[in-house]
Amino acid sequence: MNPVLRELGGYPLASFQDLKAELAADGQPLFDFSIGDPIEPTPTFIRDALVAAVPEVSQYPTASGLRSLREAVAGWVGRRFGVTVDPDRHVLPTAGSKEAIFHLPLGIVDPRGSRRTVVWGEPGYLVYERGMRFAGGGSDPVPLGAPGGAPGAQSGWRLDLAALPPERRQATAIAWLNYPHNPTGATVDVGYLRSQLEVARAEGIVLASDECYADIYPPHGTPPPSLLQAAGTPGDPDLSGLLVAFSLSKRSGMTGYRSGALVGDPELIAIQRTLRPNIGTASPEFVQHAATAAWADDAHAAERREVFAAKRAVVLEFLRAQGLEVSGSEATFYLWFAAPEGDDTAYAEALLRHRIVASPGRAFGPSGAGWLRLALVPDVAGCHAAVERWQQAIAAGDLPGHR
Ligand SMILES: Cc1ncc(COP(=O)(O)O)c(C=O)c1O
């Protein structure tokens with residue numbers, strides 16, 4: 001067995017998972033806020049586009065992907081961020097963003113070179129580390145904390161490359177940003193993104209930005225910015241040294257389709273285009289046709305924002321009414337709150353006994369300890385029912401830390 005797989009393989013919270021499986025076995029409903037996989041239907045026009053594109057003879061898709069899809073991605077980038085990108089040089093379709101993140105280092109990191117670590121903020125999405133480790137590089141997680149929070153952690157769930165010692169920056173091949181952020185829901189402004197790009201460029205670090213939640217934000221709030229907006233003139237951006245990963249999974253309710261895109265530096269895009277035929281991860285063309293339809297439409301994404309906002313209102317109001325400390329939670333469909341006594345696993349286990357499933361923050365890295373993540377997956381009625389149960393559990397004195 002590959003030693004990297006042996007080290008990374010096991011799920012960190014096995015006993016929590018066992019308890020969840022045990023409770024689910026009786027067939028009664030669990031209010032599951034633990035997995036970021038929404039249950040809202042994929043819009044009909046997207047499903048129709050897929051079905052209409054299933055051919056009699058289905059042949060291998062190319063690594064470059066359909067031009068119509070690349071144009072649709074570029075069109076969305078233009079409408080959403082006001083940035084002009086070239087569908088041929090700057091855009092590469094991917095089978096979701098996870099595989100693109102995982103495979104990125106295989107193309108752009110020399111495992112025997114002096115720069116072969118990935119910097120990422122923890123708590124965070126573990127695939128930044130995993131992709132790099134499997135590619136022969138090393139992981140350099142940076143502890144993040146709440147605004148003005150934990151000693152030794154970067155504040156406001158914001159990764160700041162400038163605050164790292166020079167020798168760590170010099171060893172870094174890729175730095176991953178992820179705003180809106182999983183698991184905390186924290187957001188950033190363009191000024192922050194510019195400052196990180198400046199440091200990355202000065203050091204020769206590839207700055208990668210995972211923006212799979214770019215379109216999931218409160219409907220009346222400010223749309224979160226993209227790293228693409230930090231790259232100079234919007235009509236003619238300088239994309240050198242940066243890559244952004246986008247995804248249709250959450251924006252369009254297409255987690256099962258596996259479709260996303262890398263957008264950025266033409267040289268880095270060309271390298272990934274050269275790498276990817278070796279792997280064989282291109283999406284089937286009927287999926288690419290569905291993806292083209294999805295990127296070309298913004299109305300369904302706006303409708304989904306309303307749905308998440310309705311659920312968010314129910315749960316957020318409840319958390320606040322209980323005096324629970326909510327942090328980040330500005331965008332994405334995640335809410336992030338502090339365990340009242342500071343023990344996220346104990347609180348999650350106590351909630352689970354009342355059939356409410358939340359993720360202990362330590363599942364996303366050691367600095368997540370003390371926090372819990374709720375993914376707004378149950379429907380509005382489910383959210384109401386869940387908070388009612390939660391309220392009863394508190395009243396019964398079953399949850400640690402509530403007076
Ligand atoms: C931060 C982050 N990045 C990437 C992904 C992968 O998304 P997908 O591969 O479905 O595009 C997820 C999925 O939950 C995520 O939370």
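Things worth noting here:
- Within the stretch 240-262, none of the residues are touching a residue at least 12 places away in the same chain (Cβ under 8 Å), in a helix (DSSP H, G or I) and not small (G, A, S).
- In the condition set (1) open to solvent by 30 Å² or more (accessible area, probe 1.4 Å); (2) farther than 30 Å from S58 by Cβ; (3) away from the ligand (no atom under 16 Å from the Cβ), L316 is compliant with all but (1).
- Test: residue in the stretch 11-30 that is more than 19 Å from V377 (Cβ to Cβ), in the same structural domain as I356 (by TED's automatic domain parsing), within 26 Å of the chain's Cα centre (by Cα) and acidic (D, E): yes
- Only residues that are surrounded by fewer than 18 Cβ atoms within 10 Å (Cβ to Cβ) and either of a type outside the set (S, T, Y) or not assigned by TED's automatic domain parsing to the domain that holds H103 (or both) were counted in the stretch 204-228, giving 6.
- A299 open to solvent by 40 Å² or more (accessible area, probe 1.4 Å), free of Cβ contacts under 8 Å to residues at least 24 places away in the same chain and more than 23 Å from D215 (Cα to Cα): no
- Residue check, V244 modelled with pLDDT of 95 or more and either farther than 24 Å from A296 by Cα or open to solvent by 10 Å² or more (accessible area, probe 1.4 Å) (or both): no
- Checked against (1) of a type outside the set (F, W, Y); (2) under 20 Å from the mean Cα position of the chain (by Cα); (3) on the phi > 0 side of the Ramachandran plot; (4) modelled with pLDDT under 95, G280 passes all but condition (2).
- Some residue of the stretch 277-290 being in a helix (DSSP H, G or I), among the aromatic types (F, W, Y) and outside the structural domain of S34 (by TED's automatic domain parsing): yes
- Out of G253, G260, sole residue that is open to solvent by 10 Å² or more (accessible area, probe 1.4 Å) and within 13 Å of the ligand (Cβ to nearest atom): G253
- Residues that are in contact with a Lys or Arg (Cβ under 9 Å, 6 or more places away or on another chain) and of a type in the set (A, V, I, L, M, F, W, C) were ranked within the stretch 25-49; the one that is nearest to the ligand (Cβ to nearest atom) is F33.
- Members of the stretch 130-148 that are touching a residue at least 40 places away in the same chain (Cβ under 8 Å) and open to solvent by 10 Å² or more (accessible area, probe 1.4 Å): R130, R133, F134, P141, P143, A146, P147
- Residue ranges of helices (runs of 4 or more DSSP H) in the stretch 38-118 with at least 3 members of a type outside the set (D, E, K, R) and either loosely packed, with under 15 Cβ neighbours inside 10 Å or without any contact (Cβ under 8 Å) to a residue 12 or more places away in the chain (or both): 44-53
- So T255, is it over 17 Å from Y334 (Cα atoms) and not aromatic (F, W, Y): no
- Residue list for the stretch 353-374, filter: of a type in the set (A, V, I, L, M, F, W, C) and more than 20 Å from Q391 (Cβ to Cβ): A363, F364, A369, W371
- Within the stretch 172-200, residues that are in the same structural domain as A162 (by TED's automatic domain parsing) and in a helix (DSSP H, G or I) reach partners that are open to solvent by less than 10 Å² (accessible area, probe 1.4 Å) and within 11 Å of the ligand (Cβ to nearest atom) with beta carbons closer than 7 Å, at six or more positions or on different chains, in the pairs Q196/L177.
- Scanning the stretch 81-107 for residues that are within 19 Å of G65 (Cβ to Cβ) and more than 16 Å from the ligand (Cβ to nearest atom) gives V85, D86, P87, D88, R89, H90, L106, G107.
- Criterion violated by P147 - all others in (1) assigned to a loop (DSSP other than H, G, I, E, B); (2) modelled with pLDDT of 95 or more; (3) away from the ligand (no atom under 16 Å from the Cβ) satisfied: (2)
- With respect to the conditions (1) over 20 Å from D189 (Cβ atoms); (2) of a type in the set (S, T, Y); (3) in contact with a strand residue (DSSP E or B) (Cβ under 8 Å, 6 or more places away or on another chain), S226 lacks only one, and its number is (1).
The values are calculated or read from the model by the stated rules, or taken from the named source; none is laboratory data. Everything numeric in this text was worked out from a predicted model, so none of it was measured. Positions of Cβ are generated from backbone atoms using ideal geometry, with glycine treated the same way; all protein chains shown enter the neighbour counts. The protein model used for the area step is the full one, side chains on, heavy atoms only, and it has no ligands, DNA or RNA in it. Shrake-Rupley method; radii C 1.70, N 1.55, O 1.52, S 1.80 Å.
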